[in-house]
Amino acid sequence: MATHAATDATFNDLVEKNPIVLIDFWAEWCGPCKRFAPVFEAASDKHQDVVFAKVDTEAEPALAGAFGIRSIPTLMVFRDQVLIFQQAGSLPAAALDELITKVKDLDMDKVRAEIAAHEKSQSGAA
């Protein structure tokens, strides 16, 4: 499966309409981004049930800024519209496959309960 080019105009739709979305923030001039690109593309071929998208930080600076992207490549993973993973740097193929498997296996009801509990404890601490 080919990766999607995510833009400010398409980003929300990608995340809202797909259960699992992996996003690679990259730039053409970035050496590590170029080395990670074939790993990301191979994973998209292997995991047909996951949406893979790329955000060109040069073409979409507002989108990169909205997520506080300071280093590229940065990988983000959304599951059911919840950001569950964000890490700068590239991953080897085996680590990316392991991450995708863990994302698929997540109990999202438990994740949402943990987020709610954290938010409640933070609002009480203020």
Tell me which of these residue 88 doesn't satisfy, since it passes every other one: (1) in contact (Cβ under 8 Å) with a residue 24 or more places away in the chain; (2) under 24 Å from residue 33 (Cβ atoms); (3) surrounded by 13 or more Cβ atoms within 10 Å (Cβ to Cβ); (4) out of contact with any Leu (no Cβ under 7 Å at 6 or more places or on another chain). (1)
Residue in the range 17-34 that is within 15 Å of residue 77 (Cα to Cα) and among the small types (Gly, Ala, Ser) present: no
Residue count for the range 1-27, restricted to those that are surrounded by 14 or more Cβ atoms within 10 Å (Cβ to Cβ) and assigned to a helix (DSSP H, G or I): 3
When the residues of the range 83-126 are filtered to those that are polar (S, T, N, Q) and either in contact with a Gly (Cβ under 8 Å, 6 or more places away or on another chain) or within 15 Å of residue 24 (Cβ to Cβ) (or both), which remaining residue is modelled with the lowest pLDDT? 90
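The values are calculated or read from the model by the stated rules, or taken from the named source; none is laboratory data. Just so it is clear, the model here is predicted, and its values are computed rather than measured. Using ideal geometry, Cβ is built from the backbone for each residue, glycine included, and neighbour counts are taken over all protein chains shown.
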